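Visitor: Let me begin by handing over the structure; questions about it come next.
The values are calculated or read from the model by the stated rules, or taken from the named source; none is laboratory data. Source: prediction; values computed, not measured. Neighbour counts are summed over all protein chains in view; Cβ atoms, including those assigned to glycine, are modelled from backbone coordinates with ideal geometry. We work out accessible area using only protein heavy atoms, side chains counted, and drop any ligands, DNA or RNA first. Shrake-Rupley method; radii C 1.70, N 1.55, O 1.52, S 1.80 Å.
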Amino acid sequence: AFGDVLKGVLAVCIGRWLFTLMPESTMLSPYLAVYLAAIFAIIGHLKPLYFGFKGGKGVLVAGGTILAIPFLAVIFLACLLPTGMVSLGSVTMAALYPVLTILYGVFRGYSAADLTVCTIGSVIMAAMVIYMHRSNIKRIREGKEYRFGKKHQK
């Protein structure tokens with residue numbers, strides 16, 4: 001788990017560092033490199049070449065890339081603790097990520113271009129996590145989803 005989170009953090013740090021190497025005359029948003037690095041780190045986790053393109057659900061990698069918004073961890077825990085469903089916390093956190101990104105960008109006074117890049121990047125990341133949890137969402141609706149700390153019932 002720690003390695004997956006670290007993978008996301010490192011991808012964002014490397015993306016941010018690579019952007020600093022670009023000429024100052026570039027008209028690209030500095031957030032573009034960060035979101036591209038995050039998105040490709042998640043894709044690499046979802047479909048790893050060395051495991052025959054079969055990977056995990058990308059939540060820990062996505063979590064590592066979005067550590068800049070600690071409030072998402074609070075949302076995750078607010079869903080996990082009363083229900084015991086990790087997947088519900090993950091999906092809720094992913095769904096709220098674009099909303100909180102927009103609010104944060106407006107609060108910080110991001111330019112329209114930067115806010116657009118951040119919004120699109122966060123929507124793509126959230127969509128990937130939610131899509132990978134479609135079977136969990138189905139089980140939640142049916143009342144059959146695994147609850148942390150409880151034995152599976154057949």
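Every residue, every condition in (1) under 18 Å from Val123 (Cβ atoms); (2) over 12 Å from the mean Cα position of the chain (by Cα); (3) free of Cβ contacts under 8 Å to residues at least 60 places away in the same chain, yes or no:
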position: Arg16; (1), (2), (3): no, yes, yes
position: Leu21; (1), (2), (3): no, yes, yes
position: Thr26; (1), (2), (3): no, yes, yes
position: Pro30; (1), (2), (3): no, yes, no
position: Tyr35; (1), (2), (3): yes, no, no
position: Ala38; (1), (2), (3): yes, no, no
position: Ile42; (1), (2), (3): yes, no, no
position: Phe51; (1), (2), (3): no, yes, yes
position: Gly55; (1), (2), (3): no, yes, yes
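Visitor: Right, next: Please verify whether Val123 is open to solvent by less than 100 Å² (accessible area, probe 1.4 Å), modelled with pLDDT of 95 or more, under 15 Å from the mean Cα position of the chain (by Cα) and of a type in the set (A, V, I, L, M, F, W, C), treating the condition exactly as stated.
Guide: Values: open to solvent by less than 100 Å² (accessible area, probe 1.4 Å): yes; modelled with pLDDT of 95 or more: yes; under 15 Å from the mean Cα position of the chain (by Cα): yes; of a type in the set (A, V, I, L, M, F, W, C): yes.
Yes, satisfied.
Visitor: Next up: Could you tell me how many of the residues in segment 61-81 are of a type in the set (Val, Ile, Thr) and either within 24 Å of Lys144 (Cβ to Cβ) or open to solvent by less than 30 Å² (accessible area, probe 1.4 Å) (or both)?
Guide: Total satisfying the criteria: 4.
Visitor: So, one more: Go through (1) open to solvent by less than 50 Å² (accessible area, probe 1.4 Å); (2) farther than 22 Å from Arg134 by Cβ; (3) not aliphatic (A, V, I, L, M) for Gly58 and report which single condition fails.
Guide: (2)
Visitor: Just need a number here: residues in segment 82-105 that are open to solvent by less than 40 Å² (accessible area, probe 1.4 Å), of a type in the set (A, V, I, L, M, F, W, C) and free of Cβ contacts under 8 Å to residues at least 60 places away in the same chain.
Guide: Matching residues across segment 82-105 total 4.
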